[in-house]
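Step one of this worksheet: look at the structure below.
The values are calculated or read from the model by the stated rules, or taken from the named source; none is laboratory data. Note that the structure is a prediction, hence the values are computed from the model and not measured. All Cβ positions, glycine included, derive from the backbone under ideal geometry; neighbour counts span all protein chains shown. In case anyone asks, the SASA skips ligands and DNA or RNA and just uses the protein heavy atoms, side chains included. Shrake-Rupley method; radii C 1.70, N 1.55, O 1.52, S 1.80 Å.
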Amino acid sequence: MRKNALFLKGALVSLTAAAVMMAFVACNDQAPAEGEKPDKKEMKTPDPLNLDDRGPIPYVVDVEKATLSNKNYRQSIWTGDYMQLVLMTLEPGEIIDLEVHRGHDQFIRVEKGKARVMMGLTEENLDFDKKVSDDWAVLIPAGYWHTIKNVGDSKLKLYTIYGPPEHPRGTINKTYEEAGIYHDEHHDHDHDHDHDH
């Protein structure tokens, strides 16, 4: 039953590491055939500050360093068939608009900053209301309306893992305003994703 959204600190660090590891180390259909040598480009050690979307090939990343160096409101850095890693930076007072994902769960980890997280089964009743800061994790079950606001005086740096992916591979929204335009263009007819402007 989904009566309560899960909200934990500390113990979820291992869950975070496991989720990221599964996303980046798992083999996929584009892996070299038996006896073939992998493409040398794929075998290079990734530049931690090059945040291009590397999915769906196997990949490892210092997710803390990547999150803290991200300057965009939203940027996907790994998109597979069943999971996606997205970095976000919210200016003071900015929000992740009220929305619901009917077809997938979502994991968020705050690397730096202060946020208010609100969730509920209806958009009129966001009865789950918590404040979080550095190193806290938020788990959002499918079907829960949710919004997050930067309530601090500095930038809010977080990353989120969607299962399955929420955005097209390589999505970059430099600002909150750009993200709103992108959403209007890409989610008009999506029945599994509702959004309140």
Please work out which one of (1) surrounded by 14 or more Cβ atoms within 10 Å (Cβ to Cβ); (2) in contact (Cβ under 8 Å) with a residue 60 or more places away in the chain is the condition A142 fails and give its number.
(2)
For region 146-183, enumerate the residues that are more than 21 Å from E91 (Cβ to Cβ), open to solvent by 20 Å² or more (accessible area, probe 1.4 Å) and of a type outside the set (G, A, S).
P164, P165, E166, P168, R169
Exactly one of these conditions fails for G103: (1) more than 19 Å from L87 (Cβ to Cβ); (2) at pLDDT 95 or above. Give me its number.
(2)
How many residues does region 123-171 contain that are assigned to a loop (DSSP other than H, G, I, E, B) and either at negative phi or touching a helix residue (DSSP H, G or I) at 6+ places or on another chain (Cβ under 9 Å) (or both)?
22
